[in-house]
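> What follows is a single structure, and I will ask about it in a moment.
Nothing in this text is a laboratory measurement; each read-out follows from the coordinates by a stated rule. Given the structure is predicted, the values throughout are model-derived calculations rather than measurements. Neighbour counts are summed over all protein chains in view; Cβ atoms, including those assigned to glycine, are modelled from backbone coordinates with ideal geometry.
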Amino acid sequence: MRLRIAMSMGIVTTLLVIAAGFAFRAYVGTATKATLERTLHSRMQRLQAALRQGLVPLAPPSAPARPALDQSIIQVISRSGQLLYTTGTAGTSPLLSTQYLAKVESAGYRQIQAGHARNPILLLAEPSSSKTGEIVVVGASTDQIHDSLAFVDQLLWGGGLLAILLATLGAGLAAGVVLRPVERMRRQAAMLSLGDSRAQLADPGTGDELAKLAATLNDFLARLHETTGRQRRFISAASHELRTPLAGMRAELETRSPAASDKDEALLQRLDRRVAHLVSLAEGLLRIAEGQGDELALDISPTDLEAVISAALVALTPLAGAKEVALVLDATILPTLWLDRVRITEVVENLVVNAIRHAPVASTVEVGLRAERETAVISVRDHGQGVPESMLPRIFEPFARGPQEHGRGPRGSGLGLSLVQLLVLAHRGSVSLVNHPEGGALAEVRLPLAEGPQEGGRTDDRHDDPTGGKPGAGAPRGNQSGGTGAHSLPAGRAHSDGPRNPGDLITQTQE
């Protein structure tokens with residue numbers, strides 16, 4: 001907008017300068033000509049007085065006039081057209097023809113533009129007040145008019161361009177000052193979209209339409225926060241209400257009689273899976289409600305991200321082995337990050353579980369860790385069908401699901417990626433999911449490589465040791481194993497020379 005205002009002001013100033021320039025040029029030309037005419041009238045009066053007093057030597061009718069040594073343009077011409085007096089500047093030929101002399105004699109006096117392009121002159125002719133009635137002619141060069149107009153042209157070109165430039169720059173600066181509160185409100189609105197929804201736009205203090213706009217937007221944000229708060233409270237209450245009876249049902253299923261028939265056992269197993277799915281769904285809804293509200297607190301501490309990822313993959317190795325999927329970790333050694341170890345573990349587990357569900361049988365899920373500029377990048381890729389293009393824009397919405405998972409296993413609740421997004425944003429990071437050019441889906445999490453706790457995050461201010469006392473958190477780098485036939489590899493190797501078993505965790509650490 002600032003650029004448009006500056007350009008508009010530049011165009012308007014250009015038009016004004018052109019119009020004012022034409023008007024000023026016309027005024028200067030008219031004023032200069034009027035001054036020259038007054039000079040000629042004054043000179044004519046003095047010459048008429050000199051003729052009446054006989055101070056002007058007129059040539060006799062039979063002899064030609066000799067030019068007088070005078071820089072003025074003066075001639076005295078008889079009615080018949082004979083030159084009676086002339087100056088050296090006026091020349092030896094009459095400046096007026098016999099036709100003009102007759103017009104001057106009948107009209108009393110006349111101003112005449114005469115001469116040629118190289119030496120234009122302005123003439124004033126009047127009948128003499130003497131008895132003989134000669135025609136007196138005085139003149140002046142119009143160079144003064146042309147010089148004045150040339151000076152005006154230079155002034156308009158230089159001053160006009162400078163005025164246009166200053167007006168454009170001034171308009172840009174003024175627009176910047178005027179739009180500064182708008183830009184401040186825009187930045188605040190952008191921060192609100194990533195931060196606490198209860199925050200409001202600051203009053204610009206201008207007392208004008210911007211202040212009214214800020215008040216209107218704050219009212220809208222307050223109503224929006226109230227609505228989302230009611231939704232979160234409803235989801236949280238519903239989740240709590242569902243968890244209690246579902247937990248009781250699951251406990252009863254787990255304590256079923258061992259003497260049940262095979263038919264009853266199959267029915268109970270199906271019921272157990274469905275109850276487990278409902279429990280997972282209720283817990284997921286509760287976690288999302290906490291993440292969207294203010295209850296999500298981060299326990300930030302120095303964290304070895306590679307160890308966290310390795311531990312999560314070890315825990316998921318049995319799940320991958322049940323589907324004959326191998327987990328491959330390619331990690332670059334990074335400095336210690338300030339993260340919530342438990343929350344980041346949930347992020348990695350949700351992404352890897354999602355990849356295992358969509359991976360074909362006997363395929364691999366590739367997990368990577370690398371540094372890009374000021375961020376640590378966690379990547380998870382499967383070799384499945386990928387995500388339909390129409391679903392990519394809403395893949396992180398609750399209950400958004402991709403295509404049907406390959407092979408066996410329960411279908412996901414559709415809340416895992418939503419929870420991943422909430423946890424990553426709480427760490428001031430970002431998450432994305434795209435289709436890989438060679439097939440499958442690729443999810444990437446970017447976390448800041450900060451040297452201390454992130455400002456603005458909700459933390460508990462509890463900083464424990466890097467392992468945090470969490471099971472598996474302190475697993476050795478590049479040497480994780482578990483599940484069926486899991487084995488470790490020396491750093492720098494992506495796989496072993498022997499055959500790979502389903503569910504193996506393969507690690508590669510790069511210095």
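> Round to the nearest 0.05 the FRET efficiency obtained for residue 79 and residue 50 when R0 = 22 Å and r is the Cβ-Cβ distance.
0.65
> Sticking with this one: Figure the gain on full extension for residue 208 and residue 373 (residue separation times 0.36 nm, minus the Cα-Cα span) and round it to one decimal in nm. Let's see the in-between values first.
Values: separation 165, 0.36 × 165 = 59.40 nm, distance 4.34 nm.
Stretched fully, the residue 208-residue 373 segment lengthens by 55.1 nm.
> Right, another one. Estimate the FRET efficiency between residue 3 and residue 332 by the formula 1/(1 + (r/R0)^6), using the beta-carbon distance for r and 45 Å for R0, to the nearest 0.05.
Details: r = 43 Å, r/R0 = 0.95.
Result of the calculation: an efficiency of 0.55.
> How long is the gain from residue 147 to residue 22 if the chain were fully straight, where each residue apart is worth 0.36 nm and the alpha carbon distance is subtracted?
Separation in residues times 0.36 nm, less the Cα-Cα distance, equals 43.4 nm.
> How do 44, 391, 191 line up, fewest other C-beta atoms within 10 Å first?
Fewest-to-most ranking of 44, 391, 191: 191, 391, 44.
> So, R0 is 25 Å and r is the distance between the beta-carbons of residue 299 and residue 425; what FRET efficiency does that work out to, to 0.05?
Working: r = 17 Å, r/R0 = 0.67.
Given R0 = 25 Å and the Cβ-Cβ separation, E is 0.90.
> For the residue pair residue 222 and residue 42, what label-to-label distance in nm results when each label sits 7 Å from Cα along the Cα-to-beta-carbon direction?
Computed distance between label sites residue 222 and residue 42 equals 7.8 nm.
> For residue 122, what is the net charge nearby, where nearby means another residue's Cβ is under 11 Å from its Cβ and Lys, Arg count +1, Asp, Glu -1?
Here the charged neighbours net out to -1.
> Just subtract the alpha-carbon distance of residue 397 and residue 165 from 0.36 nm times their residue separation and send over the number in nm, one decimal.
Extending this stretch completely gives an extra 78.4 nm.
> All other residues with a Cβ under 13 Å from the Cβ of residue 91 taken together, and with Lys, Arg as +1 and Asp, Glu as -1, what is their net charge?
Local charge sum for residue 91: 0.
> At a 10 angstrom cut-off on C-beta neighbours, averaged per residue, how do the peptides 384-390, 221-227 rank from highest to lowest?
Listed from highest to lowest mean packing, they are 384-390, 221-227.
> Provide the net charge surrounding residue 202, with neighbours chosen by a C-beta distance below 13 Å and charges set as Lys +1, Arg +1, Asp -1, Glu -1.
Counting the neighbours of residue 202, the net charge comes to +2.
> Right, here's the next one. Could you derive backbone 3J(HN,Hα) for segment 164-181 from the dihedral phi with the Karplus parameters 6.51, -1.76 and 1.60 (θ = phi - 60°), listing whole Hz in sequence and x where the residue is Gly or Pro?
Once rounded to whole Hz, the list reads 5, 5, 5, 5, 5, 5, x, 5, x, 5, 5, 5, x, 5, 5, 8, 4, x.
> Also: Extending each Cα 7 Å along its Cβ direction at residue 34 and residue 324, get the distance between those two points in nm, one decimal.
Label at residue 34, label at residue 324, 10.6 nm between them.
> Ok, one more. Whole-Hz ³J(HN,Hα) for each residue in segment 360-372, computed from phi via Karplus 6.51 cos²θ - 1.76 cosθ + 1.60 with θ = phi - 60°, x for glycine and proline: what do you get?
Coupling constants for segment 360-372: x, 5, 6, 10, 10, 10, 9, 10, x, 9, 8, 10, 10 Hz.
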